[in-house]
Structure formats: C-alpha cells, structure tokens
Amino acid sequence: MAEKILLTGNEAIGEGAIQAGCQFYAGYPITPQNEITAYMAKRMLELNRVFIQAESELAAINMVFGASAAGVRALTSSSSPGISLKQEGISYIAGCQLPAVIVNVMRGGPGLGNIAPAQSDYFQATRSGGHGDYYSIVLAPSSVQEAFEFMKLAFDLADKYRNPVIILADGMLGQMMEPLEVTSYKLQVISKKQKLITHNSSLITKEWTLTGCKGRKPNIIRSLYLAEGVLEKLNLRLQKKYKAIQQKEQRHESLNLSDAKVILVAYGTMARIAKSAVKRLRDKGKKIGLIRPITLWPFPNNIFRRLAMSNKRLTFLVIEMSYGQMLEDVRLSLNGRAKVEFFGRAGGGIPTEEEIIKKLEVISDKL
Amino acid sequence: MSKITINQDKCKGCLLCVNFCPKALIVKKDKLNKRGLNYVEFKDNGECLACMMCAVICPDCCIEVYK
Amino acid sequence: MQKIFSHPKSLRNISTHYCPGCGHGIVHRLIAEVVDELGIREKVIAVCPVGCAVIAYDYWDFDCSEAAHGRALAVATAIKRVRPENIVFTYQGDGDLAAIGTNETIHAANRGENLTTIFINNAVYGMTGGQMAPTTLLKQKTATTPKGRDAKYHGYPLKISEMLAILPAVKYIERVSLHSPQEVIKTKKAIKQAFQNQIDNLGFSLVEVLSPCPTYWGLTPKDSLDWIKEVMVKEFPLGRLK
C-alpha cells in the first residue's frame, strides 16, 4: 500500500526528481518556485548528491549542461523571467543532444510581472525559446500527483531522446497542497550500451558522456560544426528525432468526448477549473467535453485531427491563463475543420468557472 | 651531434624559431609548403646545442629535438 | 642520439587554424605536455571557450566539452562536482573569462571549486575581428576603439586576476607570459602547478598567460612578443598573485 503524504506542488516536483535519480540540481531563487530550491537543498545533501545555489539562472542552466555532459540526471528550476535567462543554455543543450530537465513554475509577465500564476510561457516552451531549430519536450502537470510522477517521465524521456524536457507548471500548482501517493522507482537501464555503476545513489554510464577517456577514444560534446554541410546533417538528425517524438510521445487526457458538441481545451491548473465547469454543465445536461493536453510539445495533434475528421460539427473552446498561445496549436491541429473559440486571462488573472460557463452559454446560443 | 627535425607541412612561417635560435641554424625558405606558407629549414652543420628554444617557442609543435 | 623533445601524445599532430605566431598553439602544447607528464590524460575533461580556441577539442586528445560564451566555469563546476575524481580544467580568453563570463568566473572562484583555469590574455577579441577586450590597454587601437582605448569612454584594462586574488577560496593565481622561450618554460611550470593543485585537492587555481595576437595587434610574431615584454608586462605584471 503506497504511502500518502501532503505536499505542495513544488515539493512534489523536488521529491519526484529525487525519486527519479536526479543527481545534480542547480537553481537560483525566484518566486513562486523557491520551495523547489529549498527542498532540493535539503534532500540532495541528505542523499549525498550535488546541490548548487548558482549565482544566476544563467549559471544554473550551464551547470546542468555540464552535469549532463558528465553523465548524470540533472535538473534546474525557475519561473518565467529566469527561464528567459536560460534560453541560450537550453539551445546549447538541444544542440549538443544532452538530456536535461527544466522546470518552469510560470508567473505573470511580461517583464518582472508579478508572482501570481500564469500560462504565458507556452510559446517560449513549445517554440524553442532559444535560438535554432530545436524542440524541448514539454509536459504539463495538472495536480500534485502529476507534478511528482512527471519528473520520472521527464528524466526518462530526456535520456531516451537525449533532449531537454520542460515541466511547465504554474504558481498555483507550485503552491497548492494535495495528498500525494509516493512510490519509489528503480532506476532504469536505458540501453544495452549503458551500464549502471554504483556511486552514491547511481550513475548511469552512457557511451557518449565525459568521464575521462580511459579505455576509449575521447568524447567531445559540441554543437559547433563549421565545415560545409555538417551542421545541416546534425539538424536533419535532430528533425528525425523530433518526428519520432511527435509520433510516439503525444499524451493527453479526455473527458466526455463521445457525445460532446463543445469541447473545452485546457492544460495544467486551468484544466482543473475547466473540469469543474464541465461537471457543472453536464449535471445540467449540456453536452460538453474536455481535452487536456499533457504533452504540450509534441502537441497531441492526433486526438484533435481524429475529432476534426469525424462528421460532427464541433466547437472547441480553448481556455488559458494567457491571451491565446495554446490556441494557435489547437487551430493548427484542426486545420479549419472545426470552430475554435477562446477565453483567457493573464497577468495573474485566472479564468473562473463562472466565466467559462458564461462563455459557453454564449457559444451554445450561437450553435 | 644534436639536431632538430621540422614538420614543414605544419610550419606557418612565423619565424619565432629563427629569431630565438642562439646559433642561427634555422632559416626561412622562399619556397611555399602545401598550405601556401613560407616554411623554415634547419642547417644541420653540427653546431646545434639541443637547447630546445626553437621547439619550446614553436606555436605549431613542428620541431622535435635530438641530442 | 636521444629524442629530448617530442610532440606530446595528448596533442593531435595536425595543422591548427591559428594564425602564425599565435599564443594558443604554444599553450595548447604546454597543457598537453603537462597532462602527459602528470599521467592524467584518461582523467582529464577540458571545457573549451568561445573564441579562437573554440575548437581546441579538435587539437587535444582527451575528453572535451564546448560551453556557451563565458559559461565554461559553470559547466566545469558541475562536471567536477559530479565527477570529483576527474581533472577538470577550463581554457578561456579575455572575453570569455572577464567580460561575458565574469560572473561565472568570480563565483566559481569564490566557491573555491577545485578547478584549474588557463586564462589566455591577448588584450583583444581575436575570433570576431579584433574588438576591444576588457584587458585592452589604454591607447591600444582595436576594431571598436579605432582612436585607441580612452579611459573616459572605455574604462581601464581589467585586472581580473588581481580581483580574484582577494577571494579567500582562491588558492593559486599566477600571471605568466609567452614572450621568450624562457618565459614559456615558466608558463609551463605555472600550468603544471595549477594542475597539481587540483590533483592535491587544494582549490581554485588560475594561470593568466599574456599571449600574442599578431594579426590584431598589427605586428609580426616576433614584434608581438616584444610588445608583450616591453608594454603589456608593465600593465599586467608577471608573478604569483596568490
């Protein structure tokens, strides 16, 4: 019987990373994710793993680069303005094909903004916020349980694809407390070439990492390729990887779709509020459904395309704590085959159940 | 009888070895190597001291010294 | 006859892209010699800069990583913390270490990370076409100081080594030069000391090397060495600072 404890989302993220075998954490304080940094400071030291309070978010992401190059599961966390600082580092991580997990507990922006929750960094996360043609895998937890479990998923995907993975949470999820079922994970061996060596907790040795060139040719971690055509070849390899991720790793949750005429689309904390609205309207006999994307990149296009190709005339209502970022992916997915409406608030404003229901009433009247 | 060998393909003609040889045993050639640079040549007349100044200052690690 | 000076094993025997008379070639070789003499080739992990030496990993025959401009010491900090048994060093120019990377430099030094840093100071930004560096001398003409560096607009040459020397966690700082074979030998000694310090777990060690950039100083290789000897050394005195 698994243990149930009460934890905040931030702490659950921390403990999830610990359980997933995170060996290195570097971070800089920024509200509303300071609890992650403090939690990791305590737990990593308890387990004799590496914790560094870095001098900036910039330094922290570059430390994650180094730790990952040295072969360990490495994590950094921050909130919107700090994640902006990390974009250069994430681009390098993507270019060098290093596994890494980055947590963004989103807050109001732009600029210094405020410390209230927001979902205004969707573009930054899903459209390679740094320079170059790359993608980070983006996971959006919607509960403290998912905040915990997605850490293992994030590290597994990062290792599997040698890619950065972003956990896109927000200040509400970070601060709220819910019961969490904690399970301990055994660290997986990812491929035949990798072997598990025991060192403190566990270090996976991968054939491409920097460990000192004993017994093999030297390894080089690089993303600079000046010779004619070489960088293009790397980019083609990356694109192939991204296609594979798009085919295999889409994840979403759906609710009440079979007879729905209007489908809400929301992720993270927003999906919780949207679910309440769906329930209230279903109780009144309204045919409302919900799709909750779990992977924001790869965006769960398949479910949208399937619905769009069906004969029903569907309307989608996208709800975000932003002014319409995921909205664009929903539109792209549906490709003009269904109506798409939007309701959003940002800058710390959070759409309420009542506002959603009111918007749905307006839409229903038009149907 | 000490001597040096010079990898003339790697030589870039910076002439630092020419400048620092206490016996002036290294000279610039008017010929060009594969990279289009004037390389240097060692005068093997038995006067080499194996002081290694040339090898130490060479930025391209072209020189090996025998004593 | 005995071979008394050979091409070091840890340096690949290939032509480099560096200009004739560039100091990088000398210091790359010195590091390779030190790595071979200390027997640490299989333990060494280098973190390369952004600058002319951005592809130093093509020349050294041991594990190397690139780093974003200025971030080498953050990358190296993490590698060393996670693999303390490895010997981790950074190789950085004046822009990497003392302009864009100043924050990472100061904090890695202040934390006393057990790292070795080789700082190549050639008073100019070579790779990008000869712009002013933090260590450019007053009156020195560069691409961005066409009339010469003027303290009123550009400040003074930055003495980053002197600044780091006041930090208690910094264990060794020495400024050396490449302006003659004798000085090159002293440079090698300092580099060896900086690596030995890491092997002995002593703490943060930095060697600043005054290095020639004939191309952007507009001088011949020999005149560049003389300029270091007669002008640069007056601004950046040689010797052990910590």
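Every helix of 4 or more DSSP H residues in chain A counts as -39500 (n - 2.57), and over all residues that averages to -12000 deg cm²/dmol at 222 nm. To the nearest 10 degrees, how steep is helix A:144-161 against the longest Cα principal axis of chain A, on a 0 to 90 scale? Its long axis makes an angle of about 50 degrees.
Shown here for the range A:94-160: trypsin sites (Lys or Arg not before Pro) in loop regions (DSSP other than H, G, I, E, B) with at most 16 other Cβ atoms within 10 Å, namely A:Arg127. Checking every one of the GluC sites (Glu not before Pro) in the range A:211-320 against DSSP loop status and a limit of 16 other Cβ atoms within 10 Å picks out A:Glu228. Between C:Ile4 and A:Lys217, the distance separating the two model label sites (each 7 Å from Cα on the Cα→Cβ line) works out to 3.7 nm. The amide H of C:Tyr91, built 1.01 Å from its N in the peptide plane, has C:Val47, C:Ile118 as neighbours under 5 Å, considering only residues 5 or more places off or on other chains. Coupling constants for the range C:119-135 follow from the phi torsions by the Karplus curve (6.51 cos²θ - 1.76 cosθ + 1.60, θ = phi - 60°), and in residue order they are 10, 8, 9, 10, 6, 6, 9, x, 4, 8, x, x, 7, 4, 10, x, 9 Hz; glycine and proline get x. A simple charge model with +1 on the Cβ of Lys and Arg, -1 on the Cβ of Asp and Glu and nothing else charged puts the dipole of the range A:253-366 at about 440 debye relative to its Cα centre. All C-alpha to C-alpha distances of the range A:263-367, sorted into 5 Å bins beginning at zero, yield P(r) values of 2, 13, 25, 26, 21, 11, 2, 0 percent in whole numbers. Cα-Cα over 26 Å: which of A:Lys214/C:Lys192; A:Lys214/C:Lys242; A:Lys243/C:Lys80; C:Lys139/C:Lys234; B:Lys34/C:Lys43; A:Lys214/C:Lys9? The pairs that break the limit, which is 26 Å between Cα atoms, are A:Lys214/C:Lys242; A:Lys243/C:Lys80; B:Lys34/C:Lys43. Backbone N atoms of the range C:43-86 closer than 16 Å to the 7 Å Cα→Cβ label point of C:Asn201 belong to residues C:80-86. When +1 charges are put on Lys and Arg Cβ atoms and -1 charges on Asp and Glu Cβ atoms, the dipole computed for chain C relative to its Cα centre reaches about 360 debye. Using the Cβ-Cβ distance between C:Leu138 and A:Val182 with R0 set to 51 Å, the FRET efficiency works out to roughly 0.25.
Partner shielding of C:80-93 amounts to 4, given as the average count of beta-carbon atoms from other chains within 10 Å of each residue beta-carbon. Only one residue of A:Thr352, A:Ser258, A:Leu173 has its Cα farthest out toward the positive end of the dipole of chain A, where Lys and Arg carry +1 and Asp and Glu -1 on Cβ, and that residue is A:Ser258. Applying 1/(1 + (r/R0)^6) with r as the Cβ-Cβ distance of A:Arg272 and C:Ala165 and R0 = 51 angstrom yields a FRET efficiency of 0.40. Straight Cα distances below 28 angstrom link A:Lys312 to the lysines A:Lys248, A:Lys261, A:Lys275, A:Lys279, A:Lys284, A:Lys286, A:Lys287, A:Lys339, A:Lys358, A:Lys359, A:Lys366, with same-chain residues fewer than 8 positions distant left out. Between B:Glu41 and A:Asp133, the simple label model (points 7 Å from Cα in the Cβ direction) yields a spacing of 5.2 nm.
Values quoted throughout were computed directly from the atomic coordinates according to the rules given, and no laboratory measurement underlies them. Just so you know, these numbers come straight off a predicted model, no measurement behind them. Positions of Cβ are generated from backbone atoms using ideal geometry, with glycine treated the same way; all protein chains shown enter the neighbour counts.
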